[in-house]
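No lab work stands behind these numbers, since they all come straight from the coordinates. Computed from a predicted structure; not experimentally measured. Ideal geometry is used to build each Cβ from the backbone, glycine not excepted, and the neighbour counts take in all protein chains shown.
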Amino acid sequence: MRKPVHTILACIFWMGCSFAQAPDLHVLPWNQHAAAVSLTFDDARLVHLDVAVPELNKRHLHATFFLIISKLTRIDDWRRAQAEGHEIGNHSVTHEHPAALSAADEETQVEDAKRFLDSNFNANVITFAYPYTELSPGLVFWVKKYDFAARGWRGDGDQPYVTADSTFDWYNLPSQPAYSNYDTAVYEGWIDKAMALHAWTTLQIHGIGDPSTGFEPIPTATFLTLLDYLRARQADGLWVAPFGEVAAYLRAEKIVEGAKPEQQNGEEKFLWEVPTPFPSGVMLKVTIGGGTHLRIYQGKRELHPTKAGVYTISFDSGELRVKAAG
Ligand SMILES: [Zn+2]
């Protein structure tokens, strides 16, 4: 890459500067994994507490539970699931088709559910799943105000697979629903495809086992095989994480990679803005090319790479500085 004249002049002026070129900040996709899969469970069904949570816990897997406020019982058990590392997401107050909602109802369905979840789970619940995966402009307006990411429909063709360089809508991220007549090969195929494409896919699960447990129940044996398969594929570099965790990483990745470095006092400074709302504490794995003996700082803290040259940076800090050492 050719260096702009003002950069060369700045380098002459700042004698300490030894950047061969502007440092290249690269975020490693999927938290330094090959691909990502999120499991999401809808509608606050009791089988999620009785079967899904314990089976996930046994395998050290974490998932997302999109709760309907009007259907919520056994709240202490849901709180325990949250404390065990599962994500609680907003699935509206009463789960209506958007066509049945007035403009005022659209706001209530998103906002009241969020307020209830925030206060009962002592959290900032900022992910949403559209009931029936149906979107309306009014609903999307409120979801954009109160959430940083939302789960939508599968899209066409390969769109249920989000690659790090695809274009996507944070407020309509794709997912693929489980159906009762799918056998284990279907789910293993989805996971294999995510791995092959280095992509992220989100599964949408309702009932498990008996038809009384929810919409299109996945047979229990199929569900357990799916969990075992996810566990096995983790050894090949699969990241299994809640929907909001993967969405936050991806959104932060896009923002940081869009930051253009500016030269200041002999160092290159990357600045970015953290959106609102957004989860706090997001950490990104990055590599920095464009020179040797670089020293990396966030605030007053110097960051140190792993042996493989990977730095862990804080997205919250909104800045990163690169100095050429010595
Ligand atoms: Zn639902």
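For region 13-117, state the average projected area of the convex hull of the C-alpha atoms over all orientations, rounded to one decimal in nm².
Dividing the Cα hull surface by four gives the mean projection, 12.9 nm².
Angle between the Cα long axis of helix 184-197 and the longest principal axis of the chain, 0 to 90 degrees, nearest 10?
10 degrees
What Kirkwood Rh does region 154-239 have if only Cα atoms enter the pairwise 1/r average? Answer in Å.
Its Kirkwood hydrodynamic radius stands at 13.7 Å.
So what are the chain's ellipsoid semi-axes, whole angstrom, largest first, if each one is the square root of 5 times an eigenvalue of the alpha-carbon gyration tensor?
Here the semi-axes work out to 41, 22, 17 Å.
Over all distinct Cα pairs, what is the inverse of the mean 1/r for region 92-137, reported as the Kirkwood hydrodynamic radius in Å?
Evaluated on region 92-137, it is 11.0 Å.
Local charge sum around residue 179 (other residues, Cβ-Cβ under 14 Å, Lys/Arg +1, Asp/Glu -1)?
-2
Listed here are the pairs 71/114; 254/323; 71/144; 58/193; 254/285; 285/307; which of them are more than 20 Å apart at the Cα?
As for pairs spanning more than 20 Å Cα to Cα, those are 254/323; 71/144; 58/193.
If you average the sequence gap of Cα pairs under 8 Å that are 6 or more apart and divide by the length of the chain, what percent do you get for the contact order?
24 percent
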